Amino acid sequence: MAGESMIPNKGISEEELFTELEKRLKIDLTFDSGKILGSMCTYPHPLAQKIIQKYIDRNLGDPGLHRGSKEIEEEAVQMLGELLHLKRAYGNIVSGGTEANVLAVRAFRNVSNVEKPELILPESAHFSFLKASDLLKVKLVWADLNRDYSVNVKDVESKITDNTIGIVGIAGTTGLGVVDDIPALSDIAVDYGIPLHIDAAFGGFVIPFAKALGYELPDFDFKLKGVQSITIDPHKMGMAPIPAGGIVFRKKKYMDAINVLAPYLAGGKIFQATITGTRLGANAIAVWALFKHLGFEGYKNVVKEAMENALWFAEQIKRLDRVYLIREPMLNIVSFGSKRLKKIEAELKARGWGISAHRGYIRIVMMPHVKREHLMNFLKDLREILRRV
Ligand code: 0PR
């Protein structure tokens, strides 16, 4: 009501509160509804939920107070490194892929001695690099894509100048799940002495397991000499609760280049490389716990189902008229287009489907909560809609 204060003078009971919240939040789509097909998030693993509840007070912004949590974060980063073929990893569990990408660009800029820094990145790069560019005053130089939507490596090479502070390759593009030819990008990076950053925010928790399952995918990680940093997000296919991103550097010098001295904290003097100061320790603990609990095999099984769903769904799309596959899936993302995309999208949304449509296609992400039956329900609706558009 107009004029009425939103903050009650006398607080309401928990019961009343939850009644109201349940009512208000009914309009949210939930992962267990089977309707969210366009998100890169998922319902966090039950173990992670327990961890969050138990260790919700831990703050990695003041690690002197929470030394155990800091050790666990460091081990979580080591495990990310191990997954990415790096023996000694430097980095942090951060707030997501955006912060991880910003930190990588910041590190590359700070280690360079360039006055007008430029970053070369694929046209398919995530919009987080726009934020990095704006914050850090680094000019983005966009590289063309090939017909298969991977970055054109020749075009990348042709755009290198004395101002280039780094190159970005993507292992699992946001729209199509494409893995760039990272071995070729790495060769260029080594030849020109320019650091290569890999945005594996999505693919980092997919590719190592998909490779172990026998899927043929290019190398994308620290096995390749030119790769100096990798974004890999536990809160996407790692099933950790949001916010949990990962940034991993090959060398200490990159961390040194972004560390800021925090001299007065309750737990003592430390360096912080992250953008956030106060930050959730529980999420880093959850990342650690999930690695230990699920093991390589556990994650492999999750990826197995996701990849099988992707290949199956792509075949179903190919059988339909009026829609077409944008490209064969490389990872567990399938995108399809249509001349009548706007109408199809509106009709799907009206039927409650949580899908994402951009750049002329609808993207379906086979996250762990996406089951075959949900896809079948979706296809049933899609077929009906296609008959009418
Ligand atoms: N890099 C890549 C390749 C990404 O796909 C994303 C996010 C990021 C970086 C940034 O990560 P954060 O969002 O963690 O900062 N990709 C998803 C997207 O834009 C994010 C997302 C997640 C979107 C859940 C919708 C959603 O429901 O599609």
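Structure above, values below:
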| read-out | value |
| --- | --- |
| Whole-percent carbon and sulfur share, accessible surface of the stretch 47-292, 1.4 Å | 51 |
| For the stretch 203-262, convex hull volume per residue from C-alpha positions, Å³ | 92 |
| Cleavage-rule hits (chymotrypsin sites (Phe, Trp or Tyr not before Pro)) in the stretch 105-153: DSSP loop, at most 16 neighbouring Cβ within 10 angstrom | Phe127 |
| Accessible area in square angstrom per residue, the stretch 47-292, 1.4 angstrom probe | 42 |
| Low-density loop cleavage sites - chymotrypsin sites (Phe, Trp or Tyr not before Pro) in the stretch 316-358, where at most 16 other Cβ are within 10 Å (DSSP) | none |
| The chain: antiparallel DSSP beta bridges as a percent of all, rounded to 5 | 60 |
| Cα centroid separation, the stretch 15-53 to the stretch 214-248 (Å) | 26 |
| Antiparallel bridge percentage (DSSP; both residues within the stretch 64-187; nearest 5) | 20 |
| Three-way shape call for the chain based on the alpha-carbon gyration tensor, with the a/c threshold at 1.5 | oblate |
| Length gained when the stretch Val260-Leu136 is fully extended (0.36 nm per residue, less Cα-Cα span) | 43.1 nm |
| Inter-probe distance in nm under a simple model that places probes 7 Å from Cα toward Cβ, at His293 and Asp148 | 3.8 |
| Rg(Cα) / (2.2 N^0.38 Å) computed for the stretch 86-235, rounded to two decimals | 0.96 |
| Span from the the stretch 102-132 Cα centroid across to the the stretch 346-389 one, whole angstrom | 35 |
| Those trypsin sites (Lys or Arg not before Pro) in the stretch 141-230 that DSSP places in a loop and that have at most 13 other beta carbons within 10 Å | Arg147, Lys223, Lys225 |
| Violating pairs (Cα-Cα greater than 26 angstrom) within the set Lys54/Lys87; Lys139/Lys349; Lys70/Lys251; Lys50/Lys292; Lys318/Lys339; Lys236/Lys371 | Lys54/Lys87; Lys139/Lys349 |
| Extension gain, Lys54 back to Lys339 (0.36 nm per residue minus Cα-Cα distance, nm) | 97.5 nm |
| Contact order normalised by residue count of the chain, Cα under 8 Å, 6+ apart, percent | 23 |
| Sites Leu17 and Trp312, calculated FRET efficiency, Cβ-Cβ separation with R0 45 Å, nearest 0.05 | 0.55 |
| Ratio Rg/Rh [Cα only; Rh per Kirkwood] for the stretch 155-300 | 1.01 |
| For the stretch 1-80: rounded, prolate or oblate by the Cα gyration tensor [a/c cutoff 1.5] | oblate |
| Projected label distance in nm at Leu386 and Tyr324, using a 7 Å step from Cα toward the beta-carbon | 1.4 |
| Three-way shape label, the stretch 17-148, alpha-carbon gyration tensor, a/c 1.5 | oblate |
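The values are calculated or read from the model by the stated rules, or taken from the named source; none is laboratory data. Since the structure is predicted, the reported quantities are computational estimates derived from the model, not experimental observations. Reconstructed Cβ throughout: ideal geometry from the backbone, glycine too, with neighbour counts over all protein chains shown. Just the protein is used for accessible areas: all its heavy atoms, side chains included, with ligands, DNA and RNA removed. Shrake-Rupley method; radii C 1.70, N 1.55, O 1.52, S 1.80 Å.
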